[in-house]
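The values are calculated or read from the model by the stated rules, or taken from the named source; none is laboratory data. For clarity, every value in this text was computed on a predicted model and none was experimentally measured. So basically every Cβ, Gly included, is an ideal-geometry build from the backbone, and we count neighbours across all protein chains shown. Each accessible area value is taken on the protein alone, full model and side chains, heavy atoms only, with ligands, DNA and RNA left out. Shrake-Rupley method; radii C 1.70, N 1.55, O 1.52, S 1.80 Å.
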Amino acid sequence: MRTSASLRRNRLARAGLRWAGHVPLALVAALSISAAAQSASISGNISAAASGKPISYAFVALTDSSFAPVAQTSTSTGGEFEIAIEKPLAHGYILVQPPASVTKDGIETYALAPRVYAYAGETSLNIRLPNAACIVLRAYDTQGRLMRWEDFRARGAIGDQFMVATDTSDCAVEATCWPVFDDEAVKLGRPREKGLPALVVAPGHVYVPQVLFWETRGYGKLHLRADNGGAGFNVTASQPLIIDLNLELARTAVSDLAHRFSGDAAAFDVALEKAKGLRGAAERAAAADAVLADALKLRDELELKRARDTIANRGPRADFSFGVFEGSPYDAQAFQIARDAGFDLATVLLGWGWTDARGGAIDRTAIEQTFGIERLRKQGFQVKAHGVVWLQDYGILPDRARGMQPDALRDAMLQQEKALLDAYGDTFAVWEAMNEPNVTNVVDVPREIVAGLFAQSAQSIAAHENLTGLVNSAHEGDYGRRFAVHTLDNIPANDWNRTYLAYLNGADVGPAVSQLDAIGLQLYPGFHFNESFGGLQGPATTPSWLIDTIERYSALKKPIHITEFSLPSSYQPGWTSGYWREQWTEQTQADYAEMVFTFAYANPNVHSITWWDITDTKSSVVTGGLCDASGKPKLVLDRLAKLIASWKSP
């Protein structure tokens, strides 16, 4: 299951984003009040990284590790500063905001990057700010009001991130989320919440701004991108890029529709041109919003029709499996419900901490009692091994792993996997070489050792002729959060996470990927994880997003398995997660699931899809099961059972 690089490792990034922006007036006031009683000091200088030129009048603030204010100052004309503190501080953050320049549109933007730096008790600091350019998102809500930082934030965030910059392959790239200020915000004293959202990026590159919780008229709260017709936006240092977000989101949706259904996009091109020609900004935005919703809806409908036609014309597939997962201990009744519905692949989570052989042979009796592997096979399931190699909390790793050196941990984990492969390698159908290697590493194993662990695991699986080896993760688990806080040498402080596609294309994991039989892909639209996983909430995409994503991953020249898929059947008070069409209901869950299963089964490069959790009792996604907590089947189970039966019939 996707756990966002582990909640522990991302605590720094999530905390940092709470203050990533112009320091609120309340913080400045608190800092000013406390400064008089302080006697120790931190001194330093701030300069431009490229030129070495001192930066005058930069705002500098110190907070503790929970972002409580400690002290603040500004730099002199020579770029120097001194912060008075009452007593030494072991850990905290330094917030630096350089002076802004005003664009012709009256917006204050940055030519040098504002930053939040991790502080570790240094008394002398040399801070060098990189060159920067700003992508400003100018957007209007459904009431025609200009949206500000607080409006975006109120719609939803994941780790306080409500926007991210990617490349044209949909992989996250470095960008700092920071508010910029127009005339109205300046009059109010530049409070962070009244700023306009901006992505502060390195100039000279192509970027695709993405918003994670965009309220689309009549079509949900969605993760959408503005990609300039597929080309991305080339951002230069000379001029900030101000994007009319409503228009650009609509233009991207129309472009995506045209890419797949060129004959159906012409009317939307006309409507979009009319929207651009309207005089008022709010009017243009409202017209663009209508185009956006209609284009997204039509594409989903056309994709579903095309996939259904493909299936009808091709007939049944012998190379496709319908999978389910249910957490241990083995629940015969739950698995039988799924088997009766046509599911034929069962995933078992064989975490090291729960199957530990301690260097010896596997205790098959104990494993059978917990996981029911032989009983699953008797029920007619093929079995997939999950989580054998996974650097994760929650008992996945045994306690003794915490005290191991990285190379010793790697060797012990591979020994444990070998014991499991010796016991089950000839009876399982699918074996996961590594789970979430791009985002999960709770024991801080160095990147090169993890790459070796991944490669050796893939090699061990490849030695079993009839075993399909794959890797597993979600396309995106970080959403740019790792760029919230930097070290003093301008490296992201939590630099582990990578977008999955970028990770798999990395040279360091090439040896592992080359030995895999398939690529596993997780999909959790609009997730709200249970409290065991921190109650984390996330964005939702349209079902058609999966088609585009499969196309990107198909470039790896490997079959694809959708290894984890679930979404809620309710939308509870206080939730801010994304949703498709309307807030989640059993009907919406079933409709979305039907589309995803149909897209997967129609695509010859996809070979399985697994629903993650049969019942709500153990569901990682709140109300994400096929059955409710009492075991009663939901509408989604009935819908999928009928689909599977119809597809398997000659």
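Assorted remarks:
- Residues located in segment 582-595, provided they are touching a Gly at 6+ places or on another chain (Cβ under 8 Å) and either surrounded by fewer than 23 Cβ atoms within 10 Å (Cβ to Cβ) or acidic (Asp, Glu) (or both): Glu582
- Within segment 408-444, the set of residues being under 25 Å from the mean Cα position of the chain (by Cα) and farther than 23 Å from Glu564 by Cβ comprises Asp444 only.
- Residues located in segment 631-650, provided they are open to solvent by 60 Å² or more (accessible area, probe 1.4 Å), in a loop (DSSP other than H, G, I, E, B) and modelled with pLDDT of 95 or more: Lys632
- Search result, residues across segment 321-367 that are without any contact (Cβ under 8 Å) to a residue 40 or more places away in the chain, open to solvent by 40 Å² or more (accessible area, probe 1.4 Å) and among the charged types (D, E, K, R): Arg358, Asp363
- Residues that are touching a His at 6+ places or on another chain (Cβ under 7 Å), in contact (Cβ under 8 Å) with a residue 60 or more places away in the chain and in a loop (DSSP other than H, G, I, E, B) within segment 563-610 comprise Ser577, Gly578, listed in sequence order.
- Segment 225-238, residues that are open to solvent by 30 Å² or more (accessible area, probe 1.4 Å) and in contact (Cβ under 8 Å) with a residue 40 or more places away in the chain: Arg225, Gly230, Ala231, Thr236, Ala237
- Strands (runs of 3 or more DSSP E) completely within segment 56-111 that count 2 or more residues being under 37 Å from the mean Cα position of the chain (by Cα) and either of a type outside the set (Phe, Trp, Tyr) or at pLDDT 95 or above (or both): 59-64, 69-74, 92-97
- Scanning segment 20-49 for residues that are at pLDDT below 95 and assigned to a loop (DSSP other than H, G, I, E, B) returns Ala20, Gly21, His22, Val23, Pro24, Ala36, Ala37, Gln38, Ser39.
- Search result, residues across segment 116-151 that are within 23 Å of Ala50 (Cα to Cα) and among the hydrophobic types (A, V, I, L, M, F, W, C): Val116, Ala118, Leu125, Ile127, Leu129, Ala132, Ala133, Cys134, Ile135
- Of the criteria (1) exposed (fewer than 14 other Cβ atoms within 10 Å of the Cβ); (2) on the phi > 0 side of the Ramachandran plot, which one Phe67 fails: (1)
- Entry remark, segment 146-175: residues being at pLDDT below 95, open to solvent by 10 Å² or more (accessible area, probe 1.4 Å) and outside any loop (DSSP other than H, G, I, E, B) number 0 in total.
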